[in-house]
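So the structure is just underneath, and the comments pick up after that.
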Amino acid sequence: MINLFIHLFITVRWIDVVDILLVATLIYQLYYLVKGTVAINIFIGILLFYLLWLIVKALDMPLFGGILSKFIDVGFIALLIVFQPELRRFLLFIGTTDIFRNGKLSKSIFDFKWQDKQIQLLDINAIIRSCKNMSESKTGALIILTKNNELKFYANTGDGIDAKVSVRMLESIFYKNSPLHDGAVIISGNSIVAARCVLPVTERADFPAHLGMRHRAAVGITENTDAIAIIVSEQTGEISFSKEGELKHTLSPDRLKEILEIEFD
């Protein structure tokens, strides 16, 4: 027994360990994408089906195993169809994640200049003052702040504005009788790119039922991209913040300012 263990240990190469870690990471990321959505039940069902096929194959049941194998053969195409939204989120996550931002390469000259430009352009105070005023008047609002992803696709679903960020401009857009108030405002740098934009809504099964479509859209866009969303509730005037699909509720203007300063530092 000891000799067998030593033999197995010796035959395990370092590349095998890397291979196992990569597979484990991939499975975890896939689980993270479908966690909390209706797709998690499908994911579990497919996993159980695959385990059943392995058991049937091990028991040498050719007839039943042959039927199950046909489903396994077309399983990849079925996965592409069933998990299309989750796969899209996964590819967007890979494409928009700045791998080097937390590493030493984030201190490179080009990255430093880009970040410095963002700090100079983004008027955080104007956003805070407008959110405070809209909160007090219970004016519903959904403001999206872009980072690496410019969200051009979603900006094209609304009306182009290309105006400088200001308190009056934001309050005018979200004024309840304004034709632009229904939808999201997308801000890039210090420019209001578009208003009345249509955003994807989250499909999470555990999403709080008392929250409306603005909150669902805020979580949806931050699940799919690296953008940041600010929500002002029309019913309560509560200010919320969303990043990476997570919501922070009941924020004061001062707390929201602290968060934005950290995000765009």
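Below are the figures for this structure:
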| item | result |
| --- | --- |
| Any pair with Cβ under 7 angstrom, 6 or more apart, that starts in the range 247-265 at a residue that is in contact (Cβ under 8 Å) with a residue 24 or more places away in the chain and ends at one that is among the aromatic types (Phe, Trp, Tyr) | 256/241 |
| Residues (under 20 Å from residue 159 (Cβ atoms) and not charged (D, E, K, R)) located in the range 202-219 | 213, 217, 218 |
| Failed condition for residue 257, given (1) within 27 Å of residue 156 (Cα to Cα); (2) surrounded by 17 or more Cβ atoms within 10 Å (Cβ to Cβ); (3) among the charged types (D, E, K, R) | (1) |
| Among (1) part of a strand (DSSP E or B); (2) modelled with pLDDT under 90; (3) β-branched (Val, Ile, Thr) - the single one residue 186 does not satisfy | (2) |
| Residues that are of a type outside the set (A, V, I, L, M, F, W, C) and under 16 Å from the mean Cα position of the chain (by Cα), drawn from the range 221-239 | 222, 223, 224, 225, 226 |
| Qualifying strands (runs of 3 or more DSSP E) (wholly inside the range 194-265; at least 2 residues being assigned by TED's automatic domain parsing to the domain that holds residue 127 and polar (S, T, N, Q)) | 239-243 |
| Residue 116 being touching a strand residue (DSSP E or B) at 6+ places or on another chain (Cβ under 9 Å) and at pLDDT below 90 | no |
| Of residues in the range 196-241 being surrounded by fewer than 16 Cβ atoms within 10 Å (Cβ to Cβ) and at pLDDT below 90, the one nearest to residue 151 (Cα to Cα) | 212 |
| Selection count where residues are crowded, with 21+ Cβ neighbours inside 10 Å and closer than 14 Å to residue 184 by Cα, scope the range 156-171 | 1 |
| Index of the failed condition, residue 244 passing every other in (1) under 18 Å from the mean Cα position of the chain (by Cα); (2) closer than 23 Å to residue 139 by Cβ | (2) |
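Residues are listed down the side, and each one gets a yes or a no for (1) surrounded by 15 or more Cβ atoms within 10 Å (Cβ to Cβ); (2) at pLDDT below 70; (3) in contact with a helix residue (DSSP H, G or I) (Cβ under 7 Å, 6 or more places away or on another chain); (4) over 30 Å from residue 220 (Cα atoms):
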site	(1), (2), (3), (4)
34	yes, yes, yes, no
63	no, no, no, yes
68	yes, no, yes, yes
88	no, yes, no, no
93	yes, yes, no, no
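The values are calculated or read from the model by the stated rules, or taken from the named source; none is laboratory data. Owing to the predicted nature of the structure, the values given are computational and were not obtained by experimental measurement. Heads up, the Cβs are rebuilt from the backbone with ideal geometry, glycines too, and the neighbour counts pull from every protein chain shown.
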